[in-house]
């Protein structure tokens, strides 16, 4: 495609497909590099059992969970830190270790609010209530893995999941301009199985949710 | 991969034996996907399930085909299946791009699902970069078709009657060796892969595509869906067919919000 200045550029397509990718055949070196990268991008979840020991798999006994609250992004994580979490009622039961181009989390549970982390807490008075604070960015190729590994560890019968997240007001699509919109404001999406009252209006089309909250 | 909805009539809702599967390729201008939106919206198709896959970027929203307050609250995700048994039509809509390196596994899984659900044939709606056309392609219709050998036997003659143009092959080394020709669909996403895999697996597949560029691709979507209609006759084709396709409510605000009054 030629631009106004006469130089030829490859136009980025909304379709998001990289043609070059399909033309190139994968050499054994490429395959090895890809496998190493995939291994590096794997997500590890370390759970702290009742005995205090950490374990990576909970394959033996998925734990019972009645309520799972997930806060994704720094704002939502900060909300939980400010209004919900405290060291008296909640205990840390798990941590996610991951790496991608945007952030790296470690297996330490002693984190600062400015760190990137993903921690799981359990309500001491009711151990079936779980909370997740995820302030790190989970890349698109890691989102499915995160999902399977986290939800794979819990029994899903009678489980209620609440996802807290934030989006920039500028991304909100509405007939009026977003400049005049009173913000911040709440919107919700719910599955048809959710029978309780929702505390705010539902998100109208054409607005959508992406990334880990969507997954 | 395919997860049926409970509401979809149970096993009846997910029995696609002998059906035509209509699907888009995520391609330049998203024309295939827009055309599929028009089909689902106009025919009032019922959602019968979705694809549980790690190959597409996740997204979720409320019902994009909502017509009233009551039906606007159903969640919608990135790969969903709709059906219209009266026309033996099943439609797959894909709403997000592929995750890097995942388009091949998706094609494999999709084609094995096509075989296991015993769909009679697959029609892929796609598009290709208009700026890559050669001198001859610049003239005449921007719409093209492709048929796998198995489908060619069944409907090849019909394409001749409709006066449709088959997608031309291009030289694999232009300027150096013009005799060796290959199929090249720039900007077509997984179209070429789906087509070549279907040829080798004996699947009856047709590709309908339009040459276009990124921009306001709504007219391109209308052109493609009318092209499809010439063959499949999904709606009655009268003189002004464009007005008979129903635009879904989710197409609102495609090019941004309203302007702030303070600007003026």
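We did not get these values from a lab; they are worked out from the coordinates using the rules stated. Model, not experiment: these values are computed from the prediction. Heads up, the Cβs are rebuilt from the backbone with ideal geometry, glycines too, and the neighbour counts pull from every protein chain shown.
Side notes on the structure shown:
- Principal axis dimensions, region A:74-149 - Cα atoms, whole angstrom, descending: 37, 27, 20
- Peptide-level mean, for B:59-66, of C-beta atoms on other protein chains within 10 Å: 6
- Calculated FRET efficiency, residue B:200 to residue B:230, Cβ-Cβ distance, R0 = 22 Å: about 0.20 to the nearest 0.05.
- The antiparallel fraction among DSSP beta bridges confined to the protein assembly as shown stands at about 60%.
- For chain B, the 222 nm mean residue ellipticity estimated from helices alone, with every DSSP H stretch of n ≥ 4 adding -39500 (n - 2.57) and the total spread over all residues, rounds to -8500 deg cm²/dmol.
- Fluctuation leader among B:44, B:175, B:18 - chain B, Gaussian network, Cα springs under 10 angstrom: B:175
- For the peptide A:177-185, the mean number of other protein chain Cβ atoms found within 10 angstrom of a residue's Cβ is 3.
- Of all the options B:114, B:91, B:26, the one that moves most in a Gaussian network model of chain B with Cα springs shorter than 10 angstrom is B:114.
- Where the Cα pairs of region B:124-264 fall when distances are cut into 5 Å bins, in %: 2, 8, 15, 18, 19, 15, 10, 5, 4, 2, 1, 1, 0
- Exposure proxy order (Cβ contacts within 10 Å, fewest to most) of A:212, B:158, B:22: B:158, A:212, B:22
- Kirkwood Rh in Å, taken over all unlike Cα pairs in region B:50-144: 16.3 Å
- Summary of the geometry: region B:248-264 and region B:80-121, compared by the centres of their Cα atoms, lie 33 Å apart.
- Percentage relative contact order, chain B, counting C-alpha pairs under 8 Å, at least six apart: 27 percent
- Cα shape, region B:1-90, gyration tensor, a/c 1.5 rule: rounded
- Taking chain B as a Gaussian network of alpha-carbon nodes connected by springs under 10 Å, the highest mean-square fluctuation of the residues B:59, B:167, B:23 belongs to B:59.
- Per residue of A:140-152, other chain Cβ atoms within 10 Å of the residue Cβ number 3 on average.
- If R0 equals 22 Å, the separation of the Cβ atoms of residue A:37 and residue A:115 corresponds to a calculated FRET efficiency of about 0.35.
- Global size of the protein assembly as shown as Cα Rg and Dmax, reported in angstrom: 24.8, 78
- Each part reduced to its alpha carbon centroid, region A:72-126 and region A:145-215 end up 20 Å apart.
- Extending 7 Å from the Cα toward the beta-carbon at both residue A:108 and residue A:187 defines two label points whose distance is 3.9 nm.
- Equivalent ellipsoid, region A:136-175 (semi-axes from 5 times Cα gyration tensor eigenvalues, Å): 27, 16, 8
- Extension gain, residue A:101 to residue A:30: 0.36 nm times the residue separation minus the Cα-Cα distance gives 23.6 nm.
- Ranked packing of B:197-204, A:195-202, A:101-108, A:140-147, most packed first, by mean Cβ within 10 Å: A:140-147, B:197-204, A:101-108, A:195-202
- FRET efficiency for residue A:196 and residue A:170, using Cβ-Cβ distance with R0 set to 30 Å, rounded to 0.05: 0.45
- B:45, B:205, B:159 arranged by Cβ crowding within 10 Å, fewest neighbours leading: B:159, B:45, B:205
- Shape of region B:128-182, Cα gyration tensor, a/c cut at 1.5: oblate
- Here region B:16-235 is treated as an ellipsoid with the same Cα gyration tensor; its semi-axes, largest first and in whole Å, are 28, 19, 18.
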